[in-house]
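The values are calculated or read from the model by the stated rules, or taken from the named source; none is laboratory data. Everything quoted here is computed from the prediction, not taken from an experiment. Cβ atoms come from the backbone with ideal geometry, glycine included; neighbour counts cover every protein chain shown.
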Amino acid sequence: MKPHVLSRWIAALAAMLIAAGSQAATNPGDFFRPAPDLGASLPADRIYPQGRIFPFSGFSGKPEREKANGFTMHGPVYGSNKLGALEANEKAGLPFPYTIGLDMKFLSDKPLSLTEAEIKASITKQVAEVVSRKSICWWYLQPEEIRYWRKNELAYLKAASEAIHAADPMKRPVWMYDPNHRDTKALVQTGAHLDLIGKGCYVNYAGYQDRRVWVRWGMEQETEAVRQLRGHRTPLLVPELCKDPDPSLFNQIPVWVRHDVYCGLIHGAKGVVIWSLFKRPAVRESYNLWYDAYATAAHQLTGARKLGEVFLFGESRNDLTVKQLSGPTTVTLADKKKTAEAKSLSEREKAGMDLKYPALSWSELARGASRYLFVCNSSSESIRVAVSGFPMTSAVEEADTGVAVQTANKPALEFDLPAWGVRALRFSRR
């Protein structure tokens, strides 16, 4: 075959393959093929990762109130009355992360010096006192913010975690809070002894109010740590409810919360634990605005829409094409080299960052015979988006509200995402 004939034949074949691929992507039978239930083996009455219930919780709140507002669990809770907090959660019918630990005085001039055997004996005794309480869903280990570069602190974390696992026949997961600026390298060190990896993601509090891609950076550190540890570990989003912004920005709080929650889920979070539900003085003016926004997210994730199950058990797919038509394409994350948790950071972690991220991010998931698309704008400007690749006969709705979306049988759906905007779409067979 002559070269020019061969080239025309190859070009024609490529065009046929592209056309076939495009047709397959929008073929209703293929597009809506049912996804397997990735959580089918898990019990329906237990919290993830040991059950199908999406974890939506917050530190130090009010169990009865949280139950009424879509929270599926409550806690951890600070203070000495751990049994009282457990009983309050049991009365409200909410699972509870129970606190275990020793006051090791690591931040003092004279931290406790205990042997591994002494640590394990004390931790084992604490677990034994409540191990039969089925309302306990997780173990929450204190002290928090273990400095992995301190041998005595990491040895404590290792010994305490081993003791909890050995003493609990139900093998409930163990979590310890890591501070906001912990990166993958740090989380691998602490996460090696934990089942749940959740570091702070306090966007405003940590100085990232106008660079909310900080949420993406944080979740990427967690998910990469999970990957490197090669174990069954669960990444958590730990967002903020702790600080009043300038009053002129109070109307932005619902927008911020929606962005932070969905951005965290798009980038791998398998649960949400808010710090904190206690009405501290620094957030008294705007507390109700923050709380109501989180309660809205809770209802969307755990209520009739069951979007939490989509993020937990949805099958990742890539048939849809998401194209940005206008607006900034990148955002920059820059570290001010300061943090409210500086005492718990290594010198390496205090180093400045100059990272660029795409302004737009999304996740496409199949659940049952439905397809879900979550799209997030992490920039401070409006972005116009086009979505294509779905069958023109699809029924489309807002996944979080059920409101129908008119597509007029067009091959693409165009819409604007405002600053920090999120769109959740559900495609189903008409």
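When Ala117 is tested against the conditions (1) of a type in the set (Gly, Ala, Ser); (2) in contact (Cβ under 8 Å) with a residue 12 or more places away in the chain; (3) not in a loop (DSSP other than H, G, I, E, B), the lone failure is (2). Across segment 193-223, the qualifying residues are those that are among the hydroxyl-bearing types (Ser, Thr, Tyr) and assigned to a loop (DSSP other than H, G, I, E, B), and the one among them that is nearest to Asp354 (Cα to Cα) is Tyr208. Within segment 303-324, residues that are aliphatic (A, V, I, L, M) sit with their Cβ atoms under 6 Å from residues that are at pLDDT 95 or above and part of a helix (DSSP H, G or I), at 6+ positions apart or across chains, in these pairs: Leu307/Gln300; Leu307/Leu301. Checking each residue in segment 90-102 for being surrounded by 20 or more Cβ atoms within 10 Å (Cβ to Cβ) and farther than 28 Å from Ile119 by Cα picks out only Leu94. Search segment 403-427 for residues being touching a residue at least 60 places away in the same chain (Cβ under 8 Å) and exposed (fewer than 15 other Cβ atoms within 10 Å of the Cβ), and hand back the single one that is farthest from Val255 (Cα to Cα). Step by step, filter segment 403-427, then rank; the result is Pro411.
Just the residues that are touching a strand residue (DSSP E or B) at 6+ places or on another chain (Cβ under 8 Å) and either assigned by TED's automatic domain parsing to the domain that holds Leu141 or over 16 Å from Phe96 (Cα atoms) (or both), please, taken from segment 35-52. Result: Ala35, Pro36, Leu38, Ala44.
Among the residues of segment 395-423, those that are assigned to a loop (DSSP other than H, G, I, E, B) and either touching a Cys at 6+ places or on another chain (Cβ under 8 Å) or modelled with pLDDT under 95 (or both) comprise Gln406, Thr407, Ala408, Asn409, Lys410, Pro411, Gly421.
For segment 377-393, a residue qualifies if it is surrounded by 22 or more Cβ atoms within 10 Å (Cβ to Cβ) and either out of contact with any Asp or Glu (no Cβ under 9 Å at 6 or more places or on another chain) or under 25 Å from Gly303 (Cα atoms) (or both), and the qualifying residues are Asn377, Ser378, Ser379. On the stretch given as segment 138-185, residues that are surrounded by 22 or more Cβ atoms within 10 Å (Cβ to Cβ) and among the basic types (Lys, Arg) total 2. Selection over segment 147-171 of residues that are under 21 Å from Arg227 (Cα atoms) and part of a loop (DSSP other than H, G, I, E, B) gives a count of 1.
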